[in-house]
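Just below is one structure, and these are the notes that go with it.
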Amino acid sequence: MKLKKFKFGYPFFFICIFTFFVFLLLLANLTSTIFSQKTNSSTTKIEDYDLHVYKKIESKVQGFDRVEMLDIEKKFLNGVIRKYKPKKILEIGVSKGGSSAIILNAIEDMEDAKLYSVDISENCYRIPSKKVGFLVEEDFRHLQNKWELHTGGICANFIEKIGKDIDLCFIDTVHVTPGEMLDILVVLPFLKENAVIVLHDIGLHFPNARYKGNYYCDKHSNNQIFAYLKGKKFMPETKETGNDMFKDIFFNIGAVELDSNQKDSYFDYFFPLSFHWEYMPDITQLEVTKGLLKKHYEDKYIKMFEAAIEANRLLKMPVPTKKVKK
Ligand SMILES: C[S@@+](CC[C@H](N)C(=O)[O-])C[C@H]1O[C@@H](n2cnc3c(N)ncnc32)[C@H](O)[C@@H]1O
């Protein structure tokens, strides 16, 4: 039997070329998958976790005039979110919206994830002519659909509307007592079990945080909170300088994956309120906070809160002068 001769025409040639390109594409895809898996091994530092996601917006969040965080802190925030994949995120302290943009970018491809942000001011304290969060509006419009911004009040004003089951809370507000200490108490009952709290400026009082010749020795409340929260704690690991004992050991950002049974630690969270307060919140803020706390904590803790207010009110009053008998 004679075999028919097969003619290799142009169609066959094009099919071969097409198959070759499809093969190349598949190979490239496979290599990138393997590569990205490699970048997130069990030893990956948290600030390097899914770094490619942060890199997408890196050029737009450069400089302190956009985001009030150092580069390593921005990467750390991105890494924590990419690692834990939280669905419901609360941010307290927005300013221009730089940290909000980093969080929104990190959750862009996470289905059902949403960021709720709260800021006491309506206008940005750094640029008062602009609204809080303006950077997101101006430069990250495509990320806005996963964002709910509440301004003009403290966290206690909005937390019931935001609701329970918060997976991750990022706090970056005044850094002086009672500030964030009160926010922690307000937020705790609304967190999921083993939620993550990320605290910025836990080292603002350190000598390396000097800005325009000033030290921030009084700004240590987030450092205290980071110390007393119960859970697994971590900070960036990248040694930035190799010889700076502050920068390479005490970083300015940290995260706590909370232990279960946080209720067992409530005393340890209310007790630090007895520490001297740097400022006295206004009467409305104190009333809203107290109303909220009363719904979630036992009476003995509310008494501690009231006693701390009273003690600090007395401390802020002028010292009575002794009448000298003639
Ligand atoms: C350091 S800035 C936040 C910076 C921002 N996270 C970033 O990295 O771009 C602090 C912000 O906290 C806000 N703030 C101060 N006290 C607050 C409070 N008790 N509750 C909510 N926001 C507060 C200020 O209005 C300010 O916008």
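Of the candidates Asp299, Asp268, Asp259, Asp244, the single residue that is of a type outside the set (Lys, Arg) and modelled with pLDDT under 95 is Asp244. Looking only at residues in the stretch 115-130 that are out of contact with any strand residue (DSSP E or B) (no Cβ under 6 Å at 6 or more places or on another chain) and either in contact (Cβ under 8 Å) with a residue 24 or more places away in the chain or crowded, with 19+ Cβ neighbours inside 10 Å (or both), the one that is nearest to Lys96 (Cα to Cα) is Cys124. If you go through the stretch 90-137 and keep only what is near the ligand (Cβ under 8 Å from one of its atoms), small (Gly, Ala, Ser) and assigned to a loop (DSSP other than H, G, I, E, B), you end up with Gly93, Ser95, Gly97, Ser121. Return the residue satisfying two criteria in turn: it lies in the stretch 265-297 and is under 19 Å from Val187 (Cα atoms) and among the small types (Gly, Ala, Ser), and of such residues it is nearest to the ligand (Cβ to nearest atom). Only one residue tops the list, namely Gly291. For the stretch 154-199, the tally of residues that are more than 16 Å from the ligand (Cβ to nearest atom) and crowded, with 23+ Cβ neighbours inside 10 Å stands at 2.
Filtered by the rule that a residue be within 12 Å of the ligand (Cβ to nearest atom) and part of a helix (DSSP H, G or I), the stretch 52-70 gives a lone residue, Val61.
The values are calculated or read from the model by the stated rules, or taken from the named source; none is laboratory data. Being a predicted model, the structure only gives us computed values, none of them experimental. No Cβ is skipped: glycine too gets one built from the backbone with ideal geometry, and neighbour counts run over all protein chains shown.
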